[in-house]
Each structure stands twice: as C-alpha cells, then as structure tokens.
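The values are calculated or read from the model by the stated rules, or taken from the named source; none is laboratory data. Owing to the predicted nature of the structure, the values given are computational and were not obtained by experimental measurement. Cβ placement follows ideal geometry from the backbone for every residue including glycine, while neighbour counts extend to all protein chains displayed.
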Amino acid sequence: MSSRPPLLLAILSIFCGVLVFILFRIFPSPEPRPAGFHSSQSQTMFQNVFCAVLAVDDTYDDRYIQGLLKSSGLKGFISESTLAVPMDDFGTLKMVPLDSYQNEIEKFDPRENGYAAKLKHFFVRDGYRYFFLPPEENIRKFPVLEYNPVSSTAKVDKLLRPALRGIPFSLTMLKSRQAIALNFIVIASSCAMVFFTSNSRQHFIYVIPVLLALGSGGSLGTVLAALMAGIWELLRLPVKELFASHNYNRKSIDYAGAGFRGIRKRLKPFRVNLFLSLLFLFIFSLVSFLGKLFPIPLFVSLLVFSLLYYMTFRREAIQTGKYRHIVFTPVLIFPHKTKTFFLFPFLAPFAAMSILALLIFGFMPFTGNARHPIGDYILSAEDYYHHISFQKSFSFRPLNREISGGDVYHSYYLGGDGLIADSMEYEAGPETSLLFPLEKLMEFLVNYNKGAGIDHALKEWISVAIILAACSVDLIRPGRKKTVIVPVLGDKRMAA
C-alpha cells in the first residue's frame, strides 16, 4: 500500500484545518480582562495587533488635524474632538463636545466632577496632542498592521506625511505582545519533528492541519495542539485494534467476539490509554475554559480531529481489504509485555520548541517608544460609569452642602392606606445607550503596559509545564507494563 496520502483525504484534512482556523478568527478568544473593567460588551482579543499613536504639537487645532486626516481617507482616529462628555441638563443628559467643554461649563459649576479634565489630559499633555487609531480600526483600515511592525509603520508614515501637509508629527506603533505567527511556527516545527520520527506518519500527517489551526487560539494554542497530539498517540493502537477485524472483506470468527463485549475485550489491554486520553481531553477542556476560549472552534476542532482519525484508519482498512493483504505486523508466539504509548519522545518536540521560543522571544521589549499614555493617564470604564451615575443623579442632590456618593434626595412611596409608607434613596438606573466609547482602546493599553512585566511570561511557562507534565506521564508509570494484544484477525498467534 502506498504511503502517500490519497488526494481526497489530503484535501479533507486541509479543509478541516482551514475551517478551524476561520472559526478561531470569527470567534476570537478574549484576553484576560484587567481589574476595573466590568462591561461585557468587549470580547475582542488584541492578538498580534498594533495601536497607532499619532502625536503633534498641542498648538495645532484638533479638528483641523482630523479634517486633514479624513480628507486623505485616514478615518478612525480617536482624539479630543471625536468625544463628548455626558452632562446633566436639568433631569436629562446632554453630550458636551470635549474640545469645547471648558467654554460651556464653568469651573465653579457643581456638575463639574473632574472627569472631563482627566479625559482631556489623556489626549493633550506635555505639549503634545494625541490621536489614536485603536486595534479594531487598524485591522479594518490597515490590515498589514496585523503582521509586520516595521513595514506597517513605514507605510502608515508614508500616508500621514502628505495628509498632514508638512505638520511635524511622530508615529508610534504599540504592538500587542502576543504573536499568533509565533504559535504557528512552534506548532509547525513540533509537528515536523514528530512526523519525521513517528512510526505512523501515514496516519499522523492528516491531523497536522488541525493542530496548526489551533495556533489561532492564542498563547494557549501550543498546549492545546500538544494535548490533541497526545490524544492521537494514546488512541492510535486502540483504534488500530478496533479496525483490525475489518481488514478483510470476509466473515471470520473473531477472537474477541461480536458486539459490545467484543469491543470491550479488544480494548482491555489499552484501558490505561483510554483513561489517559479522557484525562487529556479533560485538561484540554479545562485549559480552554480557563483561557476563556470560545467553545465553538474548539468543539469543531475535536469533531474534525475525530473525523480525520476515523477516515485515516478506514482508508487503511479499505486498502488492505481491496488487496487482501494486511500491512505486516510482527506477532510473537508468546505474550509480550510492552508500553502501549510513548508520550515522552512523542510530545517532547512541543515542549522543546515552546521553551526555545519563550527563551528567545519571551522577554523581548515591546515595539514603540516611550511617548504613549501610561499609568495615571489611562481611564477605566469605572471612571466613566461613575461619572454617568453622578450626572444622572445630580438633579436629585442637594446644593446646600457638600455632595457625596450617598447624599441624594429620597423618593417616597405610598402604602395600602394611601399615605406615605416609607422613603428610599434615589438610584440612577443603568444607561445602556451610553457605553464607554474608549473601552477597547483602554483595554489594549492596560494589557500593553501590564504585559511588560512577568505576567505574560508566567502564562507561557505554565503552558510549557502542562506539556512537560503530559510528556512525563509514561515515565512515572509503574514498572510492570501492560500486555499489548496487537491487531489480529481471528487468532494469528502462531509460528509462521
């Protein structure tokens, strides 16, 4: 039987890998949300994406710069003139443009709570005026920003120079630390090493596209691919044993018998394999849950993985039945005790490549210079919603004493007798139409600055530890090894 993969099965394998990849892009996995962000609206994962920061002298008018950018087709930049501040207007909220806020609201106005000044300071400070192109706009306007920080910076700079008509500016690309391309390189290198050292490469080759597609799952993609590869190795002999009785297209008395009892007898020597495969599947699900990965692409990846597994061995059964000849498998006259799986050499490339990538890229500095908002300049969603709550309840607050969070007028309700029964403090209801407009941008900047520490590296080391633990499963097994019943038809245990 030819060891080359048949065309249709190869096409199916590639199609399954592409399908899983597309699903990961449709259902991106959210990064861990920083403390203080409670809105459930943002589910974008800023993986391998850039935030463009344009800085000009603060003497230039914000709306003038925005006009130059928009006239050149460079839309999507967020700046002082693109935002408005919600303010109380005698029981209703009105939106006051941020760049004209100081002209409409006096400093002694009791509605002034400092939020607008803090927001303005984010865009205008230290002699510079800042314009931000958030990651979601980067992908829409400049898809190249998703891949190459050097070439994309040059291309955007080339677009900005004629647009700004000689106005001096600086451009900074703030790159997310996580690189999907690196995940693909690690998984591809690991799969290549496994393929060239495997004794069942004619089977393993078909699941490689699905393993590669798991790289779209972010920093956890490598550990998910390693776990799925481990499941493949653990189930390889049990599945081969189940298909053994179908290798000939003729009826025969099977040593295990028919039905469920026969299946259980065939799989009995591999009960450790089955237990560990279920354990690996549980770890796969647990890692996905803790990593907040969407279940749809993960479920489909397991589904197509099972399909390819079945089709691979089914193809072998059809081929051997067609030629009336089973691929030669040595069978000893007497029972022989051996391992039923070899996870250590099999998964070792995943661990080795992950460690190598982490040592090379894990502690590299971020792209960009120091001229970007950090620390106290970043606003949280809590700041915004606290401001909304203050403005909505302002008309119910007394003005003759200092305003505090709980110092508001009470509302009264009537009892069954029509008289005032009791009072309760006024509470501003949620304003679902006024979502924090900078949430995605601030989330990216928080993760960017927070990632400069050891958090990301620690997450990567945990992934490596999971792979190493999977590799060591067969090293810590008891010394007495299980008896393997090799795939047989009838009882082949006889001298040739």
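The residue of the range 291-303 that is farthest from the chain's Cα centre (by Cα), among those that are among the aliphatic types (A, V, I, L, M) and either at pLDDT below 85 or crowded, with 21+ Cβ neighbours inside 10 Å (or both), is LEU298. What about LEU74, is it crowded, with 16+ Cβ neighbours inside 10 Å and touching an Asp or Glu at 6+ places or on another chain (Cβ under 6 Å)? Criteria not met by LEU74. Restricting attention to the range 284-312, the residues that are within 14 Å of PHE24 (Cβ to Cβ) and assigned to a helix (DSSP H, G or I) total 10. Counting the residues of the range 19-57 that are in a helix (DSSP H, G or I) and either modelled with pLDDT under 50 or surrounded by 14 or more Cβ atoms within 10 Å (Cβ to Cβ) (or both) gives 6.
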